[in-house]
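Asks: Handing you this structure, nothing more for now.
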Amino acid sequence: MYRRQSASLDDDVINTSTFTAFTITEREQVSPTAFVITLRPSAWVIPQGLESGRVGEDGEPAGFLSKRIRDAWRHGLWSVEIKQPQLQIARHYTPLPPLPISADSPSMEGKSTLESGHVNEAKAIRTEKAGRITEDRDEQADLRILVRRMDGGEMSNYLSRQRVGDTLWLRGPHLGFDVFRRLGDRSTDGGGTEIGDVGGQRGVVFLAGGTGIAPALQIAHKLLDDKECSESGESRPHISILWANRWGADTLGREQIPSPRSKSGGWFRFWGRQGTNNPSADLQEKRKQPGEELASSLALQIQDLKRRHPSHFKISYFVDEERLFIKAHDVEAALASTNSSSLSAGRESSSSSFSIDRNCIWHSQKAVEFLPDDNDASRSSSPDPTCACTCTPKVGLGTTVARPGVNLVCVSGPDGFIEAYAGAKRWHDGNEMQSAIRGLLGLIRKDKGKKAGEWLVLKM
């Protein structure tokens, strides 16, 4: 009936020590240069048909449960390693959040036929019971990986050659920064009445280059959809994503794509490799054909986030071929927008209710620069006193702060992109450290002076 292969000693489908087999059950071309592959543990795949072998109480596919993957989604930021067996190399990939399965997501419905290169959303929605947005889907072991094929890229070209039914080898999950803890917890007055989040609404500004959108969407999934973080609409943080791509064809979820402009120079110097072909020309031609459906599952997922969280989720698009680049005023506007809601409500900024200890590895930029890795989960569970938050509430505010926090600026993308906006990471004793903040964000921090302490920059 099934092909069952024990994935690990504790029978979970994935672990951090050895590579286990996952089968490609779906491959979707989301743009001329990028595709999404859906991976399912090979231990739970029927060789013929690649359909689910388990059925839920309502007759719908129940999916495949993994405690490690569930815990990874509850943590927030995480990745898996995928191995290239011929060259014996592995690269980290950040899974996209699970597709919405709630009846409150009409943007994910409406397509019942599978066209070439597009996903069947009817398959993605595993239940129509309202309210079950994350509790079920975060337990699924199916993983969706966004890949952009790069000329000369060993791993991306290897993955681009794989087809439905092929096997990939994965290891993980590897947990990253704990954005929920770094943002902080709610504060209360002396009587225990909630007055907001650590003195005001928190904020995340995310600069994403290319496939760097995946960790940005993981953060949005954790902070806006996770039950632990989003029980109160008022307390949800504001997330502003600045997404940079080479081509307009890659701006998934964008309402309109303007005609390409001629350009010289631009962001190509930050992407690591040069390119000459323009995939937007093909997309523009397709858009002229009436009735052509171009929306991908990822585009619909982004639109769904904007629809469900209009006051807390914003994404801005920057395209090299259109000469739209992320400039200092764009970053400053995004920083200001995350504070505007709390300021208009008469609240203090999120870090003004406590004093930042420069030795605090959770909230001090100086201390974060020397972190050996991004594994906040190990620091949270460590008995080492240096791994504890050492920030203290300010005296005389009349509030009890459950856990201090700061706003976050996250940067993810190719190495050249991260270096241009936040400065390169630094290798030391075999570890990749955050290092000092340079680049565009370094200039902005220098200009802001003391106010820069309200924002913590994290390189991913």
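Asks: Is there any pair linking a residue in segment 309-324 that is at positive phi to one that is of a type outside the set (A, V, I, L, M) and at pLDDT below 95, with Cβ under 7 Å and at least six apart or on different chains, and which?
Replies: 323/261; 323/263; 323/266
Asks: In segment 314-330, what count of residues is obtained for those that are among the hydrophobic types (A, V, I, L, M, F, W, C) and surrounded by fewer than 20 Cβ atoms within 10 Å (Cβ to Cβ)?
Replies: Qualifying residue count for the region: 2.
Asks: Select, from 364, 337, 350, the only residue that is surrounded by 14 or more Cβ atoms within 10 Å (Cβ to Cβ), closer than 17 Å to residue 407 by Cβ, in the same structural domain as residue 431 (by TED's automatic domain parsing) and at pLDDT below 75. Give the derivation first.
Replies: Working: 364 fails: at pLDDT below 75; 337 fails: at pLDDT below 75.
After ruling out the rest, the residue left standing is 350.
Asks: May I pose another question? Looking at segment 383-454, what strands (runs of 3 or more DSSP E) fall wholly within it and have at least 1 residues that are among the aliphatic types (A, V, I, L, M) and at pLDDT 95 or above?
Replies: Counting at least 1 such residues, we get 407-412.
Asks: When only residues in segment 33-61 that are aliphatic (A, V, I, L, M) and modelled with pLDDT under 95 count, which is farthest from residue 163 (Cα to Cα)?
Replies: Here the answer is 55.
Asks: Would you mind stating whether residue 170 is modelled with pLDDT of 95 or more, touching a helix residue (DSSP H, G or I) at 6+ places or on another chain (Cβ under 6 Å), part of a strand (DSSP E or B) and not assigned by TED's automatic domain parsing to the domain that holds residue 237?
Replies: It is false that residue 170 is modelled with pLDDT of 95 or more, touching a helix residue (DSSP H, G or I) at 6+ places or on another chain (Cβ under 6 Å), part of a strand (DSSP E or B) and not assigned by TED's automatic domain parsing to the domain that holds residue 237.
Asks: How about segment 62-85: which of its residues are modelled with pLDDT of 90 or more and outside any helix (DSSP H, G or I)?
Replies: Selection gives 76, 77, 78, 79, 80, 81, 82, 83, 84, 85.
Asks: For segment 229-246, does any single residue satisfy the condition of being within 19 Å of residue 95 (Cβ to Cβ), surrounded by fewer than 24 Cβ atoms within 10 Å (Cβ to Cβ) and modelled with pLDDT under 95? Don't jump to the end; show me each part of the working.
Replies: Within segment 229-246, the first condition is being within 19 Å of residue 95 (Cβ to Cβ), and the residues that meet it are 229, 239, 241, 243.
Filter again for surrounded by fewer than 24 Cβ atoms within 10 Å (Cβ to Cβ), leaving 229.
This time we only want the ones that are modelled with pLDDT under 95, so: 229.
Yes, there is a match, as at least one residue in segment 229-246 is within 19 Å of residue 95 (Cβ to Cβ), surrounded by fewer than 24 Cβ atoms within 10 Å (Cβ to Cβ) and modelled with pLDDT under 95.
The values are calculated or read from the model by the stated rules, or taken from the named source; none is laboratory data. Everything numeric in this text was worked out from a predicted model, so none of it was measured. Don't worry about glycine lacking a Cβ; one is built from the backbone with ideal geometry, like all the others, and counts go over all protein chains shown.
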